[in-house]
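Working notes for the structure below.
The values are calculated or read from the model by the stated rules, or taken from the named source; none is laboratory data. These numbers come from a predicted model, not from an experiment. In this analysis, Cβ positions are derived from the backbone assuming ideal geometry, glycine residues included, and neighbour counts consider all displayed protein chains.
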Amino acid sequence: MNPLELVGASPEPPFEIVFAGTPVPAYPGQSIAAALQGAGIRAWRTTRVRARPRGLFCGIGVCFDCVVVVNGSATLRACLTEARPGDEVEPA
Amino acid sequence: MPDVVVIGSGVVGAACAYYAARAGLTVTVVDRGPVAGGTTGAGEGNILVSDKGPGAELDLATLSARLWRDLAAEVAGGAERPFGDLVEYEPKGGLVVAETPGILNALTGLADRQRVHGVTAVAVPPEDLRAYEPHLAGGLAGGVHYPQDAQVQPMLAAAHLIRLSGARTRTGAEVTGLLRGAGGRVTGVRTARGDIPAGAVVNAAGTWAGEIAAFAGLTLPVLPRRGFILVTEPVPPLIRHKVYTAAYVAGVASDDAGLETSAVVEGTKAGTVLIGASRERVGFDRTVSLPVLARLAAQATALFPRLADVRVIRTYCGFRPYCPDHLPVIGADRRTPGLFHACGHEGAGIGLAPATGRLIAAAIGGAEPPVDPAPFLPGRFAA
Amino acid sequence: MRPYDLAVVGAGPAGLACAVAAGRAGLRVVLVDGGPRLGGQYYRHAPPSYRATRPGVLHHGWRTFAALAAALPALDVDVRLRHRVWAAETAPDGLRLHCLAGDREETPVTFPAARLVVATGAHDRVLPFPGWDLPGVLTAGGAQALLKGELVLAGRKVVVAGTGPFLLPVAAGLAAAGARVRGVFEAGRTAGLAAHPGILLAHPGKLAEAAGYGLTLAAHRVPYRGRHAVVAAHGNTALTSVTVAKVDAGWGPIPGTERMVPCDTLAVGYGFTPQLELALQLGCATRTDADGGHIVAVDARQATDVPGVYAAGESTGVGGAPLALVEGRIAGLAAAGRPAPARLLRLRARLREFARALHAAYPVRDGWRGWLRDDTVVCRCEEVPYARLREALALGAADARSVKLLARPGMGPCQGRMCGYAVGRLAGSPEGLGHRPIAQPIRLADLARFEGDPT
């Protein structure tokens, strides 16, 4: 069983985004965090002080741990930001 | 019984405790809240000589800047690191910029007069501004660099000064009255948690110092002047100095009760950018004013266009202890023996704290004052 | 912009029920939510493009949600999703809601309204412990949000830990969706509500719901252990195992009971913290809830002490979706000047009684402090270790705010939402770090353009 089967989902075909140079599939409507997590990427940022890896924590936009830089612009919370085809995602 | 009880654990009270202890006096510090929870806790930590015109306050400021530098280099109290590290002392220097040739004229004129009083002020032509601050907006008329300007983390500074003083600290103890002895002499404080007799009482209650003076039947015209600060998300180092527009100097000296804002922008060791400054006389109203925040944001982005896409994550306000003549109140209150005031520093309390502490310690101990104390004496308000 | 009769912040159970009730009463409503879909955290679900044929499988009470969502289009309710409110304020002629629209565009939008309902819900309440900042450690709500909203498993080998009945649906959902759940570790007692048999009998639906989760867990052979806590997480660059220990009644670990449980994911939560920043910005009075947390104080009509401002759902006390639905309806009716039916008021009273019993059954005990080590990060944003907090307390900090000012916990981007509870408890002050005059980060350029007047 997987979550898609559980709810009887048949998502539209995935598109590609790029994380730190690596292509990652994303389903239409999926958040960047979910796409990364779904691809087995669990850490996508390094902290300023201790240089520790971080990824998803609260999952609902509250903790700001999952921030990424999308297409070179300012930092965004990966869990709140819907992936768009061709997005270039870099660690914040 | 301590020789001195200091009311207020803000940076001014802390410096009074520190220098009194260095002069051999025993000290107790009382505060109704936690350590440095009032105006000090809402400050940027400015140690500025640049924003003061020639006169008594500038002399106090240059002495104080020197004392901060000396303090910063000390390794005291069994610490592994110098005091400056503990309190995030940064001798970053100030850069004052002028938008127009007319403003620049006034600014360089001020700098000329400040130099006479021991201030180092370096004129910066417009083409050199970006060598100091690479992200400054174009089109500025020029500026003046003040290498003596510095910054500390104000709460840490206050807390560590009190720790080093060895003073007994009674937080959460609101002063409810003054103890009086023969001839009306102040002999200690009454607090919600008991009486504390002492040889001398220092009123370092900041914006609330007038309430303490009133316990002795005295009038001390210290009023709140509200200021907001914006704090951004952490960013890679963008701004090296404390950078502000020449309008700030006018704002500091003004008596206007209405809203005044001017751009004051600086980076911190934590990576955040602090943005001020606003001045309003609205009592102790803490209601956030979004139009004031918008003006601060507009002025900061005009000065540093790169900040436009940086996000503000929080804001806070504080109440500067403002005296009508813009001078702090420092020294013995001749109307009431045993009572000393160290308050009314407006927005300069962090910078002026060490010199204030030295003046108070000298006044209590009968020692030679480090600068002429006359302009700061409380007697100037006696009717 | 013509002012709305009512602005509702939050499209979860409380906000939805409120918007529908107010809309049916004839009000012109704007319903604002930061998320991409209706439902808030409780009814979080996958995007329509996933074409789920059984969308309710992961939810309790899905039909209620579907009915509310279906009712909206016929009403004068302007639904504004992906609108994050950064400030709410009172103005002489009503209220103003200042938002940033779009998930990355961040267009500033202001909605004027005569009345406002705060239905901002809650987020997981977390406690620090060694290793909790490793990738792979998620809040219980975060793991569930990923599953319900994105149909992605947080991990393959999962440990669920914390306190409170919410751990059960999280574990059951993960197990049903294919994760290997290595155990559910409840720091309190697993039969917390057994001490209140009367309450359980009065709420047969709750009992049945709990039994359903129990069956799912049993079917997947997931152990559910009381008086057990995850006291440390381990791994180099990501989670590889946790230390589980038996704890005493005060949550102090019992020496010799520690064991390592290999896992790639830990979903952990110790109850919920209501999101109060907008209510606080508006100046609403708060009070202390049965669990020690701060909540908005409301009267029988869900009205706060600020004229025109109401609150419903978790912001008035964490009590779950059924209570939020009832409170939302009452608030919506009250905003329309309609009295709530007596039946609704009785139902609210019963559900609040149940919530109180839950708070009493699953308190957070102070023994978690014993899990901390000097280098344990307490504030994740500013990476403030426990030792720095203790230094601040030794320097004279006496409440959460002064600890924050001396040691920086709560000064980072999350503004103390994650560490505020722990910092408050460590500082011995219940106040926490809830005051946030800017509720969402806003670009300086957008703040600079702010004019306040939405016309």
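State yes or no: is A:A43 in contact with a Pro (Cβ under 7 Å, 6 or more places away or on another chain) and farther than 17 Å from C:P413 by Cα? It is true that A:A43 is in contact with a Pro (Cβ under 7 Å, 6 or more places away or on another chain) and farther than 17 Å from C:P413 by Cα.
The helices (runs of 4 or more DSSP H) found entirely in region C:365-455 that carry 1 or more residues being more than 28 Å from B:V29 (Cβ to Cβ), within 25 Å of the chain's Cα centre (by Cα) and at pLDDT 95 or above are C:420-427. For B:P54, the conditions (1) at pLDDT below 95; (2) under 30 Å from B:V175 (Cβ atoms); (3) in contact with a His (Cβ under 9 Å, 6 or more places away or on another chain) are fulfilled apart from (2).
Applying the condition of being touching a residue at least 40 places away in the same chain (Cβ under 8 Å) and touching a helix residue (DSSP H, G or I) at 6+ places or on another chain (Cβ under 8 Å) to region B:164-186 and asking which residue is farthest from the other protein chains (Cβ to nearest Cβ) yields B:L178. Residues of region C:296-308 that are under 20 Å from C:A439 (Cα atoms) and buried (at least 24 other Cβ atoms within 10 Å of the Cβ): C:V296, C:T304. Only one of the numbered conditions (1) crowded, with 21+ Cβ neighbours inside 10 Å; (2) under 30 Å from B:P134 (Cβ atoms); (3) within 14 Å of chain C (Cβ to nearest Cβ); (4) not aliphatic (A, V, I, L, M) is violated by B:R279, and that is (3). Filtering C:T216, C:T190 for residues that are in contact with a helix residue (DSSP H, G or I) (Cβ under 6 Å, 6 or more places away or on another chain), free of Cβ contacts under 8 Å to residues at least 60 places away in the same chain, surrounded by 15 or more Cβ atoms within 10 Å (Cβ to Cβ) and not aliphatic (A, V, I, L, M) leaves a single hit, C:T216.
Listed here are the residues, each with its yes/no results for (1) in a helix (DSSP H, G or I); (2) more than 22 Å from the chain's Cα centre (by Cα); (3) of a type outside the set (D, E).
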residue	(1), (2), (3)
C:Y42	no, no, yes
C:A46	no, no, yes
C:L58	no, no, yes
C:A69	yes, no, yes
C:L72	yes, yes, yes
C:A88	no, no, yes
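Yes/no matrix, rows are residues, columns are (1) in contact with a helix residue (DSSP H, G or I) (Cβ under 6 Å, 6 or more places away or on another chain); (2) at pLDDT 95 or above; (3) aliphatic (A, V, I, L, M):
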{"site": "B:L58", "(1), (2), (3)": "no, yes, yes"}
{"site": "B:L63", "(1), (2), (3)": "yes, yes, yes"}
{"site": "B:L67", "(1), (2), (3)": "yes, yes, yes"}
{"site": "B:G78", "(1), (2), (3)": "no, no, no"}
{"site": "B:T100", "(1), (2), (3)": "no, no, no"}
{"site": "B:D112", "(1), (2), (3)": "no, yes, no"}
{"site": "B:T120", "(1), (2), (3)": "no, yes, no"}
{"site": "B:P125", "(1), (2), (3)": "no, yes, no"}
{"site": "B:P134", "(1), (2), (3)": "no, yes, no"}
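Scanning region C:249-264 for residues that are touching a helix residue (DSSP H, G or I) at 6+ places or on another chain (Cβ under 7 Å) and either free of Cβ contacts under 8 Å to residues at least 40 places away in the same chain or surrounded by 13 or more Cβ atoms within 10 Å (Cβ to Cβ) (or both) yields C:W251, C:G252, C:P253.
Looking only at residues in region C:123-167 that are surrounded by fewer than 24 Cβ atoms within 10 Å (Cβ to Cβ) and either modelled with pLDDT under 95 or within 28 Å of C:L280 (Cα to Cα) (or both), which one is nearest to the other protein chains (Cβ to nearest Cβ)? Among residues in region C:123-167 that are surrounded by fewer than 24 Cβ atoms within 10 Å (Cβ to Cβ) and either modelled with pLDDT under 95 or within 28 Å of C:L280 (Cα to Cα) (or both), the one nearest to the other protein chains (Cβ to nearest Cβ) is C:F166. Of B:F319, B:F304, all but one fail to be more than 7 Å from chain C (Cβ to nearest Cβ), of a type in the set (F, W, Y), buried (at least 21 other Cβ atoms within 10 Å of the Cβ) and within 24 Å of B:I350 (Cα to Cα); the exception is B:F319. Using the structure shown, decide if B:A158 is out of contact with any helix residue (DSSP H, G or I) (no Cβ under 6 Å at 6 or more places or on another chain), closer than 16 Å to B:V27 by Cα, not in a strand (DSSP E or B) and not aromatic (F, W, Y). No, not satisfied. Helices (runs of 4 or more DSSP H) fully within region B:1-99 that include at least 2 residues being over 28 Å from B:I212 (Cα atoms): B:56-73, B:83-86. Just name the residue that is nearest to A:Q30 (Cα to Cα) out of those in region C:7-40 that are part of a loop (DSSP other than H, G, I, E, B) and of a type in the set (D, E, K, R). Among them, the one singled out is C:R37. Among the conditions (1) out of contact with any Gly (no Cβ under 8 Å at 6 or more places or on another chain); (2) within 29 Å of C:L153 (Cβ to Cβ); (3) among the hydroxyl-bearing types (S, T, Y), C:T53 misses just one, which is (1).
With respect to (1) under 22 Å from B:A355 (Cβ atoms); (2) part of a loop (DSSP other than H, G, I, E, B), the lone exception for B:R115 is condition (2). As a summary of the residue check, C:K206 satisfies the conditions (1) touching a Lys or Arg at 6+ places or on another chain (Cβ under 7 Å); (2) not in a strand (DSSP E or B) except for the one numbered (1). If you check B:G206, B:G227, B:G181, B:G199, which single one turns out to be exposed (fewer than 15 other Cβ atoms within 10 Å of the Cβ) and either within 26 Å of B:A159 (Cβ to Cβ) or touching a Ser or Thr at 6+ places or on another chain (Cβ under 8 Å) (or both)? When all the criteria are applied, what remains is B:G181. Of everything in region C:36-72 that is buried (at least 21 other Cβ atoms within 10 Å of the Cβ) and in contact with a strand residue (DSSP E or B) (Cβ under 9 Å, 6 or more places away or on another chain), the residue that is nearest to the other protein chains (Cβ to nearest Cβ) is C:P47. For region C:113-121, the condition holds for at least one residue, the condition being that it is closer than 30 Å to C:V242 by Cβ, in contact with a strand residue (DSSP E or B) (Cβ under 8 Å, 6 or more places away or on another chain) and within 12 Å of chain A (Cβ to nearest Cβ). Kindly indicate whether any position in region C:385-395 is crowded, with 24+ Cβ neighbours inside 10 Å, within 14 Å of another protein chain (Cβ to nearest Cβ) and out of contact with any helix residue (DSSP H, G or I) (no Cβ under 7 Å at 6 or more places or on another chain). Scanning region C:385-395, I find no residue that is crowded, with 24+ Cβ neighbours inside 10 Å, within 14 Å of another protein chain (Cβ to nearest Cβ) and out of contact with any helix residue (DSSP H, G or I) (no Cβ under 7 Å at 6 or more places or on another chain), so the answer is no.
The set of residues in region A:66-91 being small (G, A, S) and either under 14 Å from A:Q37 (Cα atoms) or at the interface with another protein chain (Cβ under 10 Å from one of its Cβ atoms) (or both) consists of A:S73, A:A74, A:A78, A:A83. Figure legend. Inter-residue proximity from region A:2-22: first residues touching a residue at least 12 places away in the same chain (Cβ under 8 Å), second residues of a type in the set (S, T, N, Q), beta-carbon distance below 7 Å, spacing 6+ or different chains. Indicated pairs: A:P11/C:S49; A:E12/C:S49. Taken over region C:216-244, the criterion of being in a strand (DSSP E or B) and among the basic types (K, R) is satisfied by C:R225 alone.
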